[in-house]
Every structure is written in structure tokens, then in C-alpha cells.
Amino acid sequence: MNYQKRSQEVLWLPFTQMKVYDEEPIVIESGRGIRLRDTNDNEYYDANSSVWLNALGHHNNELNQAIIDQLEQIAHSSTLGMANVPAIALADKLVSLMPTGLDRVFYSDSGATAMEIAMKMAFQYWLNIGINTKKRFVTMQNGYHGDTIGAMSVGDIDIYHKIYEPLLFKNYIAPYPNVYHHESHDPEITKKDCLEKLEAILSQHHHEICALTIEPMMQGAGGMIDMPHGFLSGVRELCSKYHVLMIADEVAVGFGRTGKILACDHENVVPDILAAGKMLTGGYLPLAITMASEKIYQAFYDDYDEMKTLFHGHSYTGNQLDCAVALKNLELYEKYNIIENVTENAAYMHNELQLLYAIESVGNIRQIGYMVGIELVQNKATRQPFDSHLRVAWRATLMMRKLGLLTRPLGDTIAFLPPLISTKEEIKQMISIIKAGIQRVTEEVNDGK
């Protein structure tokens, strides 16, 4: 079969303009370690971890075996009204890894669904305890929480959400501390300004706000925007002060991506509800979690006739294969000191990334752990962006593809999120390709091509 041609005939790919895809189709056939191979035998570094979720590399023998071993027992049984062994074992492990206060695990199959569940928990919690005025959310400017209707409603990225605006429910939007584009360019001033504006919203509307949603430490799809130190803990304090639940969306940043099991751990923040996924299974199978405090769980625990049940579920909730490979993945984190290695290698990555500032069009590099955004600008001094129609970062990633590396842009920010097993030498090679791709394309653009 000609897979490229057939892909053009039968597939509709996510977040993809298919007319553009048809110009240069690519079909992945296999993967080993941090590399992918296409049907034309071209090899690429997987520099965005197959959309930020591969942790321990492709074709990991120990993860493969965990799935095989579970298949010898059972592939799937429902968790509606019953549990299963891997789901319990994984939940036990997760609770042990979480900060005290996140005690209950609800399974789903993607980050968006994990956030939908978190929002439904927060909304219903207040109703269940007899408070029926708190029905709205606060979200962060430029935030992203998924593409289902509820998740989009607490998102704020026009290119993804604006067309669906008539379908979405209204929420309050608080400013996010984007230091690079704040008028002060100062982390402390930016943090103080945004916290004051958030408090103004909460002080005026807390009686109608059930929860606040936030991506801890780094906004992902919004352009890899890191928050200044102390902002997250400041948000936690304000949520507690005004009796608003805090929902931490750890889908992109959780399970080692930032050099901690949770990004919240960087500031010792414990949210009321937490959503996570992506790297939980090492990038093998779709599994997500929503974790809540015992206090929230108990608000749903009652006689059936009281109608306090959380009526939410998925056909494959708590799937045994998913849970088995996730449990093995977390065991391998400990066996191979993955978190410690990320912390050590992230410092090396930081030094290598500084070399990119020699390129005139590299305006800002934002990094936490193995999560990096490289923002390209037309004028470094004024921070003026390129004309969006030029699609500079997208063209740069196409050039990187020709040079043997796959990643995707977020506007004019290039995302670099390699698998957590990436070594210093592999990091050096990937950054070298990224540098070459940016240089070639930005020189073409500046020459008017």
C-alpha cells in the first residue's frame, strides 16, 4: 500500500490543515528510543515527544512487557460499579506520589476529559454542600485545557476557540504573567500586577465562582509561557482566601516534564483538584486522571436517593492495559532516576539553548525542565513579532524536518519537549538542528523570500 497517498484519501488529522498536509505528507512506521522512522526510511528526532507525552522512549522493552503480561490476564472490564486490580494498584501508587491532600483518583482517557471531570466535580461540589450560587469559573488569559466544549470554555486561545464561541459558557479571565510581553519586562512587577488583578476579580465575584483553572508553572499550547516564581503560590493563597476551588491542569507539565513529579511541587502548592495525563503511561496508551481531596470526595458520598453521585464515565475508564503500563512507567521512573536526570540535564540544555540567542530572530527562550519555548521575533530590540501570515516558526519546523527532527510550532514559538530519557549528547544534537532550521528560514524571511 502507498501509505502516503492513502493517508491523503482517508484520514482527517487533528490540528492539521489537510491541504497543507497533502503538500508534504509524512507517515510514521516505527520508533526506537527518541527517534521515529517514516515509511520512506527517514529518521527523525522526536523533539516534541509525540505531542509532549513520550517519557521513556519508543519501543521500551519493559513497558512492552507490562502490556503483554496484562494481556495474559484481561484486556478490559468495566469500572462502572466495580474495580480492577491494575486500577487499584495504580491509584495506590499515585496517591503515594501526590502531596498530602490529593487522595482520590478518577480515571479517564485524555487531558481534556480529565479537565471536564475536574470542572464537573468543582461545579457539583458546591451544589452538594448546599451552595447554589457558585457556578462560574476563572481561567487564565491565553490558557488551554483541551478541545471539548467545557475545556474550551475555560480556554482563551482565539485560533482554537473563537469559532466555537457561541457554544461555550462564559467565564472570568484573569491576566497571566507573561513577563516577556508585559510592559515592565520585570518578573516581580508582572507577578504583582497579575495577582492584584486576579484578586480584584475574586473579591468582587467569589460568591458566584466555583473554581479557578490554571496550568502550573508553564502554559503549554499558549506558547510555552513560564510564570515568575511565587505566582502559583500566590494564586493558591487567593483561592483559599476567597473560597474558590483551585484546579491544576498538570496534563502537559506533570510526571517529570518540569523536573518534578508535579509542576505544583516547585512551589509546594496543593490544588483542590488536579488533572493529569500525557506522560502517565510513558506515551504508550491514552490514560488520564483527575485527583481530588477527600473533602471534595465526601461531598459526593451519600445515599443514592440524595442524588449526589458524580454522573460521569467513559467506556474504557480504568482500562487494565492502560493502568498496567502506567504503573510500570512510574516504577521505571524510580528505577532509572528519571526525575533526577531531567533536573541535571535541564541545566545542560539551558546552556546549549543560550547559543540560539546569537540568531537575530530569537527573541526569548523559556524553559523549565525538559519543556522549552523558543519565541521568534522580527525585531529583537522592540520584541515586534513577525507578520503571522509569514508563518516563520512553522516554516522553521519544516526545515528541521528535512534536517532530521520533528516538532511543532505554537504561533511563532517553537516547542522543544524531548523525551525524558534524552541524553546530553542527544540534546546537543537536537538543539543544533533547531538552530540550523531557525537560521536558514529567518535568513530567507529577512531576505524577503
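Where a number appears in this text, it was derived from the coordinates with a stated rule and is not lab data. Here the structure is a predicted model, which is why all the values come from computation and not from measurement. Glycine gets a Cβ as well: all are built from the backbone with ideal geometry, and neighbour counts include every protein chain shown.
For Thr407, Thr309, Thr343, Thr100, which order do you get if you count the other beta carbons within 10 Å of each Cβ and list the fewest first?
Thr100, Thr309, Thr343, Thr407
Counting other C-beta atoms within 10 Å, which of Asp226, Asp158, Asp447, Asp38 has the fewest, and how do the rest follow?
Arranged by neighbour count, lowest to highest, Asp226, Asp158, Asp447, Asp38 become Asp447, Asp158, Asp38, Asp226.
Among DSSP beta bridges lying fully in region 65-335, give the percent that are antiparallel, nearest 5.
On the way: 11 of 24 bridges.
Antiparallel bridges: around 45 percent, rounded to the nearest 5.
Show me, for region 243-259, the HN-Hα J-couplings you get by feeding each phi into the Karplus relation (A = 6.51, B = -1.76, C = 1.60, θ = phi - 60°), rounded to Hz, glycine and proline as x.
In residue order, the calculated couplings are 6, 10, 5, 9, 9, 9, 8, 9, 4, 7, 9, x, 6, x, 4, 9, x Hz.
Taking a ≥ b ≥ c as the square roots of the Cα gyration tensor eigenvalues, with a/c under 1.5 meaning rounded and otherwise prolate when a/b beats b/c, else oblate, which class fits region 243-390?
The shape class here is prolate.
Would you mind computing the Rg to Rh ratio of region 328-419 from its alpha-carbon coordinates, Kirkwood style for Rh?
Across region 328-419, the Cα-based Rg/Rh ratio is 1.06.
Tell me, rounded to the nearest percent, the portion of alpha carbon pairs in region 181-235 spaced more than 19 Å apart.
Of the Cα pairs, 33 percent sit more than 19 Å apart.
Longest segment of the chain with no GluC sites (Glu not before Pro) in a DSSP loop having at most 11 other Cβ atoms within 10 Å?
Longest run free of exposed loop sites: 184-449.
Between the DSSP loop rule and a limit of at most 16 other Cβ atoms within 10 Å, which chymotrypsin sites (Phe, Trp or Tyr not before Pro) in region 163-202 are left? Kindly include the intermediate steps, with their values, before the conclusion.
Numbers: sites: Tyr164, Phe169, Tyr172, Tyr180; in loops: Phe169.
Answer in residue order: Phe169.
Report, by chain and number, residues whose modeled amide H sits under 5 Å from the one on Gly283, excluding near sequence neighbours (fewer than 5 apart, same chain).
Ala55
Quick check on the exposure proxy: order Val392, Val342, Val10 from fewest to most C-beta atoms within 10 angstrom.
Placing the least packed residue first, the sequence is Val10, Val342, Val392.
First obtain the Kirkwood hydrodynamic radius of region 65-214 from its Cα pairs, then insert it into the Stokes-Einstein equation at 25 °C and 0.890 mPa s, and state the resulting D in µm² per second as a whole number. Present the calculation step by step, with values, prior to reporting the outcome.
Working: Rh = 18.3 Å.
After rounding, the answer is 134 µm²/s.
Taking only the C-alpha atoms, wrap a convex hull around the chain and report its volume per residue in Å³ as a whole number.
Measuring per residue, one finds 154 Å³ for the Cα hull of the chain.
Give the shape of region 393-449 as rounded, prolate or oblate, defined through the alpha-carbon gyration tensor: a ≥ b ≥ c are the square roots of its eigenvalues, a/c under 1.5 means rounded, and otherwise the shape is prolate if a/b is larger than b/c and oblate if not. Don't skip to the end; give the middle numbers.
Numbers: a/c = 2.69, a/b = 1.85, b/c = 1.45.
The shape class here is prolate.
Based only on the alpha carbon positions, what is the Kirkwood hydrodynamic radius of region 344-383, in angstrom?
One over the average 1/r among Cα pairs gives 10.6 Å for region 344-383.
Would you calculate a helix-derived [θ] at 222 nm for the chain, using -39,500 (n - 2.57) for each DSSP H run of n ≥ 4 and dividing by the full residue count, to the nearest 500?
Taken over the chain, the calculation gives -11500 deg cm²/dmol.
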